[in-house]
1. Applying the selection to region 127-138, what residues are of a type in the set (Ser, Thr, Tyr) and open to solvent by less than 50 Å² (accessible area, probe 1.4 Å)?
2. Any residue at all in region 81-92 that is open to solvent by 70 Å² or more (accessible area, probe 1.4 Å), in contact with a Lys or Arg (Cβ under 7 Å, 6 or more places away or on another chain) and farther than 28 Å from Leu54 by Cβ?
3. Tally time: how many residues in region 93-116 are among the small types (Gly, Ala, Ser), open to solvent by less than 70 Å² (accessible area, probe 1.4 Å) and at pLDDT below 95?
4. What strands (runs of 3 or more DSSP E) lie completely within region 57-174 and have 1 or more residues being more than 16 Å from the ligand (Cβ to nearest atom) and within 13 Å of the chain's Cα centre (by Cα)?
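The values are calculated or read from the model by the stated rules, or taken from the named source; none is laboratory data. The structure presented is a predicted model; accordingly, all values stated were derived computationally and were not measured. Virtual Cβ from ideal backbone geometry, glycine too; neighbours counted across all protein chains shown. We work out accessible area using only protein heavy atoms, side chains counted, and drop any ligands, DNA or RNA first. Shrake-Rupley method; radii C 1.70, N 1.55, O 1.52, S 1.80 Å.
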Amino acid sequence: MAVPDTSTICANLTLADVDDDDNSMQFQNVNASDAVVDTSYYAIGRLVTGKSLLVLRRLQSDEDPETVELFHCDFWIQIHNLPVGFRLDSVVSTICSFLGMLVESDDRNFDGCLRTFYRVWVTVDISKPLKKQMKLKKNDGAWAFVNFRYERLPTFCFLCGIIGHGDKLCPKTL
Ligand SMILES: [Zn+2]
(Lines give C-alpha, C1' and ligand atoms only; values in the text may rest on other atoms or scores of the structure.)
Protein backbone atom coordinates (compact mmCIF):
# COMPACT_ATOMS: atom_id res chain seq x y z
CA MET A 1 0.00 0.00 0.00
CA ALA A 2 1.37 3.43 -0.90
CA VAL A 3 2.06 5.76 1.99
CA PRO A 4 -0.38 8.73 1.93
CA ASP A 5 0.83 12.22 2.81
CA THR A 6 -0.12 13.87 6.11
CA SER A 7 -2.95 15.93 4.65
CA THR A 8 -4.58 12.77 3.33
CA ILE A 9 -4.27 11.11 6.71
CA CYS A 10 -5.76 14.13 8.53
CA ALA A 11 -8.60 14.44 6.03
CA ASN A 12 -9.65 10.91 6.85
CA LEU A 13 -9.51 11.12 10.63
CA THR A 14 -12.60 10.22 12.60
CA LEU A 15 -13.16 10.66 16.30
CA ALA A 16 -14.34 7.87 18.56
CA ASP A 17 -15.58 8.36 22.13
CA VAL A 18 -13.72 6.61 24.88
CA ASP A 19 -14.43 6.79 28.61
CA ASP A 20 -14.85 10.51 29.20
CA ASP A 21 -13.41 10.63 32.71
CA ASP A 22 -10.03 11.84 31.56
CA ASN A 23 -11.06 13.52 28.32
CA SER A 24 -9.71 10.62 26.33
CA MET A 25 -10.50 10.25 22.70
CA GLN A 26 -9.39 8.05 19.91
CA PHE A 27 -8.67 9.05 16.36
CA GLN A 28 -8.89 6.53 13.64
CA ASN A 29 -7.74 6.93 10.12
CA VAL A 30 -10.23 5.05 8.07
CA ASN A 31 -10.25 5.51 4.36
CA ALA A 32 -13.33 3.84 2.94
CA SER A 33 -11.81 3.74 -0.50
CA ASP A 34 -9.06 1.41 0.69
CA ALA A 35 -9.91 -2.22 0.36
CA VAL A 36 -7.58 -2.98 3.23
CA VAL A 37 -7.25 -0.61 6.18
CA ASP A 38 -3.64 -0.34 7.25
CA THR A 39 -3.65 -0.21 11.05
CA SER A 40 -0.22 1.43 11.11
CA TYR A 41 -2.03 4.73 10.43
CA TYR A 42 -4.24 4.56 13.47
CA ALA A 43 -3.51 7.22 16.05
CA ILE A 44 -4.64 7.57 19.59
CA GLY A 45 -4.86 10.81 21.55
CA ARG A 46 -5.58 12.38 24.90
CA LEU A 47 -6.70 15.94 25.57
CA VAL A 48 -4.56 17.07 28.49
CA THR A 49 -5.84 20.60 28.84
CA GLY A 50 -8.75 22.44 27.35
CA LYS A 51 -6.20 24.89 26.12
CA SER A 52 -4.15 23.40 23.39
CA LEU A 53 -2.39 20.25 24.46
CA LEU A 54 -3.49 17.14 22.66
CA VAL A 55 -1.14 14.20 22.99
CA LEU A 56 -1.17 12.01 19.90
CA ARG A 57 0.72 8.88 19.15
CA ARG A 58 0.76 6.46 16.28
CA LEU A 59 -0.55 3.12 17.40
CA GLN A 60 1.71 0.19 16.69
CA SER A 61 0.13 -2.93 15.26
CA ASP A 62 0.79 -4.96 18.43
CA GLU A 63 -0.57 -2.34 20.87
CA ASP A 64 -3.97 -2.34 22.55
CA PRO A 65 -5.50 1.16 22.29
CA GLU A 66 -7.19 0.65 25.67
CA THR A 67 -3.86 0.32 27.47
CA VAL A 68 -1.63 2.74 25.58
CA GLU A 69 -0.21 5.39 27.89
CA LEU A 70 -0.26 8.93 26.56
CA PHE A 71 2.13 10.67 28.89
CA HIS A 72 4.85 11.75 26.51
CA CYS A 73 4.93 15.00 24.63
CA ASP A 74 7.63 16.86 22.72
CA PHE A 75 8.67 20.37 23.73
CA TRP A 76 11.33 22.82 22.67
CA ILE A 77 13.18 23.67 25.86
CA GLN A 78 15.62 26.51 26.37
CA ILE A 79 18.63 25.89 28.60
CA HIS A 80 19.70 29.10 30.35
CA ASN A 81 22.72 29.97 32.50
CA LEU A 82 24.95 27.22 31.17
CA PRO A 83 28.34 28.15 32.66
CA VAL A 84 31.45 28.72 30.58
CA GLY A 85 33.28 25.42 30.33
CA PHE A 86 29.99 23.51 30.12
CA ARG A 87 28.94 24.87 26.75
CA LEU A 88 29.55 21.61 24.96
CA ASP A 89 27.36 19.32 22.90
CA SER A 90 28.10 16.47 25.34
CA VAL A 91 26.91 18.53 28.32
CA VAL A 92 23.74 19.55 26.48
CA SER A 93 23.11 15.86 25.69
CA THR A 94 23.51 14.99 29.37
CA ILE A 95 21.07 17.73 30.32
CA CYS A 96 18.60 16.35 27.74
CA SER A 97 18.82 12.93 29.39
CA PHE A 98 17.83 14.62 32.65
CA LEU A 99 14.85 16.30 30.95
CA GLY A 100 13.64 13.32 28.94
CA MET A 101 14.67 11.95 25.57
CA LEU A 102 16.40 14.11 23.00
CA VAL A 103 14.59 14.43 19.68
CA GLU A 104 16.67 17.18 18.12
CA SER A 105 19.15 19.83 19.08
CA ASP A 106 18.89 23.32 17.57
CA ASP A 107 21.40 23.62 14.71
CA ARG A 108 22.35 27.10 15.95
CA ASN A 109 23.44 25.92 19.42
CA PHE A 110 27.07 25.53 18.49
CA ASP A 111 27.45 27.56 15.32
CA GLY A 112 30.23 29.69 16.77
CA CYS A 113 28.06 32.58 17.95
CA LEU A 114 27.83 33.51 21.62
CA ARG A 115 24.53 32.20 23.02
CA THR A 116 22.50 33.31 26.03
CA PHE A 117 20.65 29.99 25.90
CA TYR A 118 20.62 26.68 24.05
CA ARG A 119 17.56 24.99 22.56
CA VAL A 120 16.70 21.30 22.52
CA TRP A 121 13.61 19.39 21.41
CA VAL A 122 12.89 16.80 24.05
CA THR A 123 10.24 14.16 24.66
CA VAL A 124 9.00 14.83 28.20
CA ASP A 125 6.95 12.64 30.54
CA ILE A 126 4.08 15.01 31.37
CA SER A 127 2.69 12.76 34.10
CA LYS A 128 5.57 14.00 36.25
CA PRO A 129 6.37 17.54 37.36
CA LEU A 130 8.26 19.53 34.75
CA LYS A 131 11.89 20.08 35.63
CA LYS A 132 12.74 23.72 36.24
CA GLN A 133 16.46 23.54 36.82
CA MET A 134 19.47 21.27 37.11
CA LYS A 135 22.55 21.44 39.30
CA LEU A 136 25.99 21.10 37.74
CA LYS A 137 29.20 20.70 39.70
CA LYS A 138 32.11 22.79 38.49
CA ASN A 139 35.74 21.70 38.60
CA ASP A 140 36.37 23.92 41.63
CA GLY A 141 33.62 22.12 43.56
CA ALA A 142 31.13 24.96 43.31
CA TRP A 143 27.62 24.31 42.07
CA ALA A 144 25.97 26.02 39.12
CA PHE A 145 22.27 25.98 38.28
CA VAL A 146 20.94 25.85 34.75
CA ASN A 147 17.33 26.92 34.27
CA PHE A 148 14.83 25.57 31.78
CA ARG A 149 12.18 27.46 29.87
CA TYR A 150 9.59 25.47 27.95
CA GLU A 151 8.37 26.99 24.69
CA ARG A 152 4.62 27.08 23.98
CA LEU A 153 3.77 25.52 27.30
CA PRO A 154 0.01 24.98 27.80
CA THR A 155 -1.85 25.43 31.09
CA PHE A 156 0.66 24.61 33.77
CA CYS A 157 0.72 24.63 37.58
CA PHE A 158 3.56 26.55 39.19
CA LEU A 159 2.87 24.83 42.53
CA CYS A 160 3.23 21.17 41.57
CA GLY A 161 4.76 21.45 38.12
CA ILE A 162 2.12 19.36 36.35
CA ILE A 163 0.59 20.28 33.00
CA GLY A 164 -3.21 20.27 32.83
CA HIS A 165 -4.33 22.62 35.62
CA GLY A 166 -3.49 26.05 36.96
CA ASP A 167 -2.40 27.10 40.45
CA LYS A 168 -5.98 27.75 41.65
CA LEU A 169 -7.09 24.22 40.80
CA CYS A 170 -4.04 22.42 42.13
CA PRO A 171 -5.02 19.24 44.02
CA LYS A 172 -2.27 20.02 46.53
CA THR A 173 -4.10 23.14 47.71
CA LEU A 174 -7.71 21.87 47.56
ZN1 LIG B 1 -0.77 21.63 40.72
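1. Here is the first cut: in region 127-138, the residues of a type in the set (Ser, Thr, Tyr) are 127.
Selection gives nothing.
2. Taking region 81-92 as the starting set, the residues that turn out to be open to solvent by 70 Å² or more (accessible area, probe 1.4 Å) are 81, 84, 87-90.
Now restrict to residues that are in contact with a Lys or Arg (Cβ under 7 Å, 6 or more places away or on another chain): none.
Looking for residues that are open to solvent by 70 Å² or more (accessible area, probe 1.4 Å), in contact with a Lys or Arg (Cβ under 7 Å, 6 or more places away or on another chain) and farther than 28 Å from Leu54 by Cβ, one finds none in region 81-92, hence no.
3. Initially, region 93-116 is screened for residues among the small types (Gly, Ala, Ser), giving 93, 97, 100, 105, 112.
Right, trim to open to solvent by less than 70 Å² (accessible area, probe 1.4 Å) and you get 93, 100, 105.
Adding the requirement that they be at pLDDT below 95 leaves 93, 105.
Looking only at that region, the number is 2.
4. Working: elements: 72-80, 101-105, 117-125, 133-137, 143-150.
Passing ranges, in order: 72-80, 101-105, 117-125.
Quick grid of which residues meet (1) buried (at least 16 other Cβ atoms within 10 Å of the Cβ); (2) charged (D, E, K, R):
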| position | (1), (2) |
| --- | --- |
| Tyr118 | yes, no |
| Asp125 | no, yes |
| Asp140 | no, yes |
| Trp143 | no, no |
| Arg152 | no, yes |
| Phe156 | yes, no |
| Gly161 | no, no |
